[in-house]
Amino acid sequence: MAQIAARMKPLLVPVIYGSVRTARQGIKAARFVLHELQRRGIDATLIDPLEKQFPLLDRMYKEFPKGTAPAVMEELADLFRRADGFAIVSGEYNNGIPPALKNLLDHFLEEYFWRPAAIACYSGGRWGGVRAAMQLRMTLAEMGMVTIPSLLPTANVGEVFTDDGTPTDPKMQQYSAEFFNEFIWYMEALRERRQSGVPY
Ligand SMILES: Cc1cc2nc3c(=O)[nH]c(=O)nc-3n(C[C@H](O)[C@H](O)[C@H](O)COP(=O)(O)O)c2cc1C
């Protein structure tokens, strides 16, 4: 009975974005991902390190005695523990993972375990951030997340969305359907498996 109730609860997904630049463009891709998840009935929340004023890493969340971590870390730890999957929206800085994204991710560990991650990568150039996405797969695996096979790469990120994340090419929703459907499949599969326990 508890399993059926859990399955009926909407999937919960933090959409983690990692740029704090004044002139940032990837926020448009993050809003697109957020809206596509919400359109599919998913309880998705945008995690914006700029809005959260997320600190540079000093102590990981788990290094704080219970109840003493900064409020923003408590809030994210609670959300991440309840999450069914993580949507990671990553740019590419010098072929690698943007520092604000890595910094936010590094604050947590066990909170991510046994859940899938889907990578939506982007760049201002033609390659859509895929080099950073490949590095992210390594990092997310170390953090206990299973990355889904599909990526959602976006080239020329500044030009292909309006500020609110609406794609200028209406076919974008069609192109991205496989990515979102795959992510949902993995979240449902792993949610069901977590109901009967995790290895540790
Ligand atoms: C420090 C830095 C390094 C960058 N390196 C790359 C790169 O390696 N490959 C690429 O395609 N674009 C690169 N760019 C361009 C970014 O893809 C583009 O500025 C993008 O909008 C950055 O994401 P953001 O606006 O969300 O911060 C770089 C930008 C910055 C600021």
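Observations
- Summed residue charge, Cβ within 12 Å of Asp164's Cβ, Lys/Arg positive, Asp/Glu negative: +1
- Between amide H atoms placed 1.01 Å from N, distances below 5 Å from Ile47 occur with Val15, Ile16, Tyr17, all of them 5 or more places distant or on a separate chain.
- 14 Å beta-carbon shell around Phe113, net charge (K/R +1, D/E -1): +3
- Environment charge of Pro153, counting only residues whose C-beta is closer than 12 Å and scoring Lys/Arg +1, Asp/Glu -1: +1
- Gain in span if fully extended, Thr22 to Glu192, counting 0.36 nm per residue against the direct Cα distance: 57.1 nm
- Helical content of the chain, expressed as a calculated mean residue ellipticity at 222 nm, amounts to -12500 deg cm²/dmol (DSSP H runs of 4 or more residues, -39,500 (n - 2.57) each, divided by residue number, nearest 500).
- Across the cross-link table entries Lys28/Lys66; Lys102/Lys171; Lys66/Lys102; Lys62/Lys102; Lys28/Lys52; Lys9/Lys102, which are compared at the Cα atoms, the separations over 27 Å belong to Lys28/Lys66; Lys102/Lys171; Lys9/Lys102.
- In order through region 48-65: 3J(HN,Hα) via Karplus (6.51 cos²θ - 1.76 cosθ + 1.60), integer Hz, x for Gly, Pro: 10, x, 6, 5, 7, 6, 5, x, 5, 4, 10, 10, 5, 3, 6, 7, 7, x
- Global geometry of the chain, whether rounded, prolate or oblate, following the gyration tensor of its Cα atoms and the 1.5 cut on a/c: oblate
- Nearest-0.05 FRET efficiency for Leu50 and Glu182, computed from C-beta distance (R0 35 Å): 0.75
- Where labels lie 7 Å past Cα in the beta-carbon direction, separation of Leu79 and Thr166 in nm: 2.5 nm
- The trypsin sites (Lys or Arg not before Pro) of region 119-154 meeting both criteria, a DSSP state outside H, G, I, E and B (loop) and at most 11 other C-beta atoms within 10 angstrom of the site's C-beta, are Arg126.
- Under the convention that each Lys and Arg Cβ holds +1 and each Asp and Glu Cβ holds -1, the size of the dipole of the chain around its Cα centre is about 220 debye.
- Summarising the label geometry, the points placed 7 Å from Cα in the beta-carbon direction at Asp106 and Glu142 lie 0.9 nm from one another.
- Packing rank of 64-77, 35-48, where each peptide gets the mean count of other beta carbons within 10 Å, highest leading: 35-48, 64-77
- Between Trp114 and Ser150, the modelled labels are 2.7 nm apart [label points 7 Å from Cα along Cα→Cβ].
- In loop segments of region 102-200 as defined by DSSP, the GluC sites (Glu not before Pro) with at most 15 further C-beta atoms inside 10 Å of their C-beta are Glu159.
- Between the alpha-carbon centres of region 145-182 and region 9-72 there is a gap of 18 Å.
- Bridge type composition, region 1-137 - antiparallel percent by DSSP, nearest 5: 5 percent
- Distances between placed amide hydrogens fall under 5 Å for Ser90 paired with Ala120, Cys121, Tyr122, all partners being 5 or more residues away or on another chain.
- Amide H partners (placed H, <5 Å) of Val146, local residues excluded: Arg115, Ala117
- Our estimate of slack between Tyr200 and Gln173, defined as 0.36 nm per intervening residue step minus the Cα-Cα distance, is 5.9 nm.
Read-outs throughout are calculated quantities, based only on the coordinates presented, and are distinct from any laboratory measurement. All of these numbers come straight from a predicted model, not from anything done at the bench. Cβ atoms come from the backbone with ideal geometry, glycine included; neighbour counts cover every protein chain shown.
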